[in-house]
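Here is the structure we will look at, set down as structure tokens.
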Amino acid sequence: MVHSVYAPSPTTPNKTLPGHAGSPETVSDVMDKPAQVARFSLSSLAVLHSSSFAQGFSNGERQAAARALLKHEAHVDGTHYHTRKPGGLHPSHIAFNSYTSSNERSITQEDFLNAALQDLFDAITMQDRLDGGISILMHCAGSEASETLSPEHFTVDLYITPQEHRETPERIGGDLLALVQAFSEEFVIPHLQRYAERCRIEGIIPPRHYPASQVNPSRPPFLPGPLVATGAHIQCSARPTKQFECDFEVSNKSLSAAVQMGQALAKASPSKSKSDIRQRRNADAFLLNATHTATIPKPPGTKNMTKSTGAAASFQAGTPLISICLHSDAVLDWFGLDDHILPKLHQLIGSVHSSRWEAVLQSPKWNLTYEQASNLSRALNSDVHSN
């Protein structure tokens, strides 16, 4: 169901700040509006900023308190899917970007958005401190999107619990760069294209934003430093998709599981020479043949018997070795694991829940290291979902 909610027209800006002379709206009016009315706007901020409750506080403290009141319980207000027009934008977005004022003391949309974003980083930092948790935050603001939009064209705001990042910067940094790349390619680009269409429906020109320093898969540090030396707010851009794949081919050995996987996949890339990776083929190509068997001379009156030799000795003659998919092949080659593990892997994915694969692979029966088990379980999961 599409809910129509009133908001000021983008072409008819307000001339007077609510709460000032000429406007009947008060702070009580702003806070008592029903949930379906867009109240997160600069006009509402002006009312709260100039109200009696804010007397005695600095300008920055007044604005922070006003922002906190305006966004209070927004995540449970039931208006997530409200739009002013079918297929359009949220009424808060329309109201916020429609407001203009000639008052030089009035905060601008850009300043307000920057302050609100800093509130977000303050809140998640304090939450980690209070409950001792760990958090990852990735955010990309709405902006114009062309048909050729690429991951390096926009900025991602990133947070990771600072203490955790400092403890293992190479491992966590590598994993984070892979998350930023995936977030940009799989989430941000489709969203920005939908956002551009919603702006077109509403008759709004989307803002233009610019990229930041790109992540670096080749070597640490994988991420740019925080915007402020004492802060936890990182701004970065992802790599162009094709370049990101190539970067792993020249990257150094890393503690990051994500980087290790990328390096293994790069090594398995079709663009590489076939000699760089063992090419596992379809079942008919793996049927044991004369090159893998030795014929035992038959006594008179008996049939020929064959004895398997070499690596094929552990397999039943005639049993095909069927590769699972590219990801697991790449990991097997990266760690130098033999083909005899393939039948066991088939049995594993068919008899054990995927959430327990890593634990089983580390058991004495398999005798794999943590690094091998972790990467192989992830590869198997990717293969199963891609087939």
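The values are calculated or read from the model by the stated rules, or taken from the named source; none is laboratory data. All values reported here derive from a predicted model rather than from experimental measurement. When we count neighbours, we look across all protein chains shown, and the Cβ atoms used for this are built from the backbone with ideal geometry, even at glycine. What goes into the accessible areas is simple: the full protein's heavy atoms, side chains included, and nothing from ligands, DNA or RNA. Shrake-Rupley method; radii C 1.70, N 1.55, O 1.52, S 1.80 Å.
Of everything in segment 145-155, what is assigned to a loop (DSSP other than H, G, I, E, B) and in contact with a helix residue (DSSP H, G or I) (Cβ under 6 Å, 6 or more places away or on another chain)? Give them in sequence order. Please lay out each step first, then the result.
Applying the first criterion (assigned to a loop (DSSP other than H, G, I, E, B)) to segment 145-155 yields 145-150, 154-155.
Ala145, Leu149 - these are the residues of segment 145-155 that are assigned to a loop (DSSP other than H, G, I, E, B) and in contact with a helix residue (DSSP H, G or I) (Cβ under 6 Å, 6 or more places away or on another chain).
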For this session: Could you tell me which numbered condition Phe112 fails, if it satisfies all but one of (1) open to solvent by 50 Å² or more (accessible area, probe 1.4 Å); (2) farther than 27 Å from Cys246 by Cα?
Result: (1)
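Quick grid of which residues meet (1) free of Cβ contacts under 8 Å to residues at least 12 places away in the same chain; (2) open to solvent by 20 Å² or more (accessible area, probe 1.4 Å); (3) farther than 19 Å from Asn216 by Cα:
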site: Ile134; (1), (2), (3): no, yes, yes
site: Ser143; (1), (2), (3): no, no, yes
site: Leu149; (1), (2), (3): no, yes, yes
site: Glu152; (1), (2), (3): no, yes, no
site: Thr161; (1), (2), (3): no, no, yes
site: Glu170; (1), (2), (3): no, yes, no
site: Gly174; (1), (2), (3): no, no, no
site: Ala178; (1), (2), (3): no, yes, no
site: Ala196; (1), (2), (3): no, yes, yes
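Check every one of the helices (runs of 4 or more DSSP H) wholly within segment 314-387 and list those with 2 or more residues that are open to solvent by 40 Å² or more (accessible area, probe 1.4 Å), farther than 22 Å from Arg171 by Cα and at pLDDT below 80.
On the way: elements: 326-334, 341-351, 357-361, 370-386.
By residue number, 370-386.
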Problem set entry | Count - residues of segment 219-234 that are surrounded by fewer than 16 Cβ atoms within 10 Å (Cβ to Cβ) and of a type outside the set (Val, Ile, Thr) | 6
Problem set entry | Top-ranked residue of segment 198-218 - restricted to ones that are exposed (fewer than 14 other Cβ atoms within 10 Å of the Cβ) and of a type in the set (Gly, Ala, Ser), ranked as nearest to Arg166 (Cα to Cα) | Ser213
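Yes or no: His139 under 20 Å from Val215 (Cβ atoms) and either of a type in the set (Gly, Ala, Ser) or out of contact with any Gly (no Cβ under 9 Å at 6 or more places or on another chain) (or both)?
Numbers: under 20 Å from Val215 (Cβ atoms): yes; either of a type in the set (Gly, Ala, Ser) or out of contact with any Gly (no Cβ under 9 Å at 6 or more places or on another chain) (or both): yes.
Here the answer is yes, as His139 does meet what is asked.
Go through segment 213-242 and give me each residue that's of a type in the set (Val, Ile, Thr) and part of a loop (DSSP other than H, G, I, E, B). Give the steps one after another, and end with the answer.
Quick first cut of segment 213-242, residues of a type in the set (Val, Ile, Thr) only: 215, 228, 230, 234, 241.
Answer for segment 213-242, where residues must be of a type in the set (Val, Ile, Thr) and part of a loop (DSSP other than H, G, I, E, B): Val215, Val228, Thr230.
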